[in-house]
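Engineer: Please read through the structure below; I'll follow up with questions.
The values are calculated or read from the model by the stated rules, or taken from the named source; none is laboratory data. The model shown is predicted, which means the values in this text are computed figures rather than measured ones. No Cβ is skipped: glycine too gets one built from the backbone with ideal geometry, and neighbour counts run over all protein chains shown. Protein only, heavy atoms only, side chains kept; ligands, DNA and RNA dropped before computing areas. Shrake-Rupley method; radii C 1.70, N 1.55, O 1.52, S 1.80 Å.
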Amino acid sequence: MANFAIMGFGTVGSGVAEVLRMNGESIAQKLGEPLNLKYILDVRDLSATPYAKQAVKDFAVLENDPELDVVVESIGGAKVALEFTRRALLAGKHVVTSNKELVATHGRELLAIAKEKNVNYLFEASVGGGIPVLRPLFQCLAGNQIQEIVGILNGTTNYILTRMVKGGVTFAEALKEAQSKGYAEANPAADVEGLDAGRKICILSDLAWGREVRPEAISIQGISHLDLRDVDIASRAGYRVKLLGRALRLEDGRQAAYVAPHLVPADCPIAPVDDVFNAIMIRGNAVGDVMFYGRGAGDLPTASAVMGDVLDALTHRNRRRDLGWSESAPLIDQERELPLYWYLRGDFAQPEGSEKLAEGAYIVGPLSAQAAKELAEQVKAAALMPVLR
Ligand code: HSE
């Protein structure tokens with residue numbers, strides 16, 4: 001019998017317990033032994049739940065149990081979760097997590113501890129919710145040089161945009177719905193302001209190129225300043241507006257990563273991706289473009305990815321999966337060095353060489369962000385947004 005514990009019994013943690021309840025038999029078959037949920041560590045009182053017997057409040061119980069194989073960390077944040085993850089790895093336990101904040105900010109250190117202790121630190125659920133994307137990236141696509149990654153990485157904001165545009169509900173109502181469905185972060189500002197997508201594009205970048213990109217080093221813009229007028233103009237002109245994370249590696253080895261709302265042409269496979277769904281396109285120099293699509297948030301989709309990692313950790317109990325990243329990535333000066341196309345709206349004459357989407361709405365480029373901002377200032381534009389080309 002294999003034993004695992006869940007730390008943090010919120011949306012994801014309880015989803016993991018539910019997946020085990022639903023699929024315990026087939027999981028045991030795949031594993032070759034039963035999988036036992038031995039402990040649930042949570043500050044809340046679980047005595048009135050079906051999990052009263054597993055409930056513990058002291059992390060040392062997990063740490064000191066030699067029969068405990070895997071710990072699922074679904075606490076969130078980078079405080080208690082960091083301490084318990086460090087201690088669990090140091091105690092020789094495999095750790096599986098959905099915690100993108102922790103992986104993006106401390107993944108390098110935690111993977112180094114895992115390597116030293118010959119255990120797994122796995123985090124498939126940290127990007128794209130239930131979508132298998134990290135393992136394909138570092139395993140199935142390992143024969144490629146990865147050139148670019150771009151995608152919808154946050155379910156909450158995609159849900160909000162879809163509900164506002166197609167359902168006609170207000171931003172506040174759509175956010176409330178996303179919260180009640182268990183999509184949003186504890187502090188939804190992390191979703192709305194793009195930080196959650198920023199953490200995820202950093203993790204993808206770390207794994208794709210083996211060098212750390214920290215969320216605080218990249219440009220991150222969310223959807224809070226988005227004007228529905230631009231969404232409307234864009235859709236009439238054959239575009240959709242999506243919050244995208246994008247990472248690329250230039251030929252000279254330098255990298256870029258950023259998060260911003262973009263105009264996406266309707267014929268791009270990312271454009272019709274709505275609601276809580278995420279889509280991540282990865283371009284490799286051998287495979288070309290591949291796209292990963294599925295539910296990017298929610299209890300069971302995220303738990304699906306966590307459970308996959310639990311099984312993977314248990315089947316690699318004595319052989320650590322070799323993944324990790326080293327020192328900081330060399331980033332370009334993105335404001336000046338990354339030419340993009342830009343959507344501009346305002347009360348001004350059509351700029352020379354631009355494409356007209358509607359009266360007062362144009363696409364210009366390629367221009368650096370700095371040049372685009374200077375132009376926007378000069379013509380007193382009311383909106384400026386990159387266009388995915
Ligand atoms: N708040 C996140 C999202 C949860 O909406 O995508 C999944 O990481």
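Engineer: The conditions are (1) open to solvent by less than 20 Å² (accessible area, probe 1.4 Å); (2) more than 22 Å from S126 (Cβ to Cβ); (3) of a type outside the set (F, W, Y), and L62 fails exactly one of them. Which is it?
Structural biologist: (2)
Engineer: A217: within 12 Å of the ligand (Cβ to nearest atom), surrounded by fewer than 17 Cβ atoms within 10 Å (Cβ to Cβ) and more than 14 Å from the chain's Cα centre (by Cα), yes or no? Show your work before the answer.
Structural biologist: Working: within 12 Å of the ligand (Cβ to nearest atom): no; surrounded by fewer than 17 Cβ atoms within 10 Å (Cβ to Cβ): yes; more than 14 Å from the chain's Cα centre (by Cα): yes.
No: the conditions fail for A217.
Engineer: Based on what the data block shows, is L195 over 30 Å from L323 (Cβ atoms), within 15 Å of the ligand (Cβ to nearest atom) and crowded, with 20+ Cβ neighbours inside 10 Å? Lay out the reasoning, then the answer.
Structural biologist: Working: over 30 Å from L323 (Cβ atoms): no; within 15 Å of the ligand (Cβ to nearest atom): yes; crowded, with 20+ Cβ neighbours inside 10 Å: yes.
Judged against the criteria, L195 is not a match.
Engineer: Report, ordered by the first and then the second residue, all pairs with beta carbons closer than 6 Å, sequence separation of six or more or different chains, a first member in the range 189-218 that is more than 14 Å from S126 (Cβ to Cβ), and a second member that is in a helix (DSSP H, G or I) and of a type in the set (D, E, K, R).
Structural biologist: Qualifying pairs under 6 Å: E212/R108; E212/D206.
Engineer: Take the conditions aliphatic (A, V, I, L, M), within 16 Å of the ligand (Cβ to nearest atom), more than 21 Å from A104 (Cβ to Cβ) and open to solvent by less than 10 Å² (accessible area, probe 1.4 Å) and apply them to I270. Does it pass?
Structural biologist: Working: aliphatic (A, V, I, L, M): yes; within 16 Å of the ligand (Cβ to nearest atom): yes; more than 21 Å from A104 (Cβ to Cβ): yes; open to solvent by less than 10 Å² (accessible area, probe 1.4 Å): yes.
Spelling it out, I270 is indeed aliphatic (A, V, I, L, M), within 16 Å of the ligand (Cβ to nearest atom), more than 21 Å from A104 (Cβ to Cβ) and open to solvent by less than 10 Å² (accessible area, probe 1.4 Å).
Engineer: Among the residues in the range 114-127, are any under 16 Å from G76 (Cβ atoms), within 13 Å of the ligand (Cβ to nearest atom) and among the charged types (D, E, K, R)?
Structural biologist: No, the range 114-127 contains no residue that is under 16 Å from G76 (Cβ atoms), within 13 Å of the ligand (Cβ to nearest atom) and among the charged types (D, E, K, R).
Engineer: Output the residues belonging to the range 354-384 that are open to solvent by less than 80 Å² (accessible area, probe 1.4 Å) and part of a loop (DSSP other than H, G, I, E, B).
Structural biologist: S354, G360, S368, V379, A381, A382
Engineer: If only one of G143, G77, G107 is open to solvent by 30 Å² or more (accessible area, probe 1.4 Å) and either over 22 Å from the mean Cα position of the chain (by Cα) or closer than 30 Å to L244 by Cα (or both), which one is it? Write out each step before concluding.
Structural biologist: Values: G77 fails: open to solvent by 30 Å² or more (accessible area, probe 1.4 Å); G107 fails: open to solvent by 30 Å² or more (accessible area, probe 1.4 Å).
When all the criteria are applied, what remains is G143.
Engineer: Between residues in the range 284-301 that are within 14 Å of the ligand (Cβ to nearest atom) and residues that are aliphatic (A, V, I, L, M) and assigned to a helix (DSSP H, G or I), which pairs lie under 7 Å by C-beta distance while being six or more apart or on different chains?
Structural biologist: Sorted first by the residue in the range 284-301, then by its partner, the pairs are D299/V12; L300/V19.
Engineer: Could you tell me which residue of the range 17-55 is surrounded by the most Cβ atoms within 10 Å (Cβ to Cβ), considering only residues that are touching a Phe, Trp or Tyr at 6+ places or on another chain (Cβ under 9 Å) and of a type in the set (V, I, T)?
Structural biologist: That would be I40.
Engineer: Is the range 152-171 home to any residue that is within 11 Å of A208 (Cα to Cα) and more than 12 Å from the ligand (Cβ to nearest atom)? Step through it out loud before you land on a result.
Structural biologist: So in the range 152-171, the residues within 11 Å of A208 (Cα to Cα) come out as none.
Checking the range 152-171: not a single residue is within 11 Å of A208 (Cα to Cα) and more than 12 Å from the ligand (Cβ to nearest atom).
Engineer: Would you mind telling me which numbered condition in (1) part of a helix (DSSP H, G or I); (2) crowded, with 17+ Cβ neighbours inside 10 Å R321 fails?
Structural biologist: (1)
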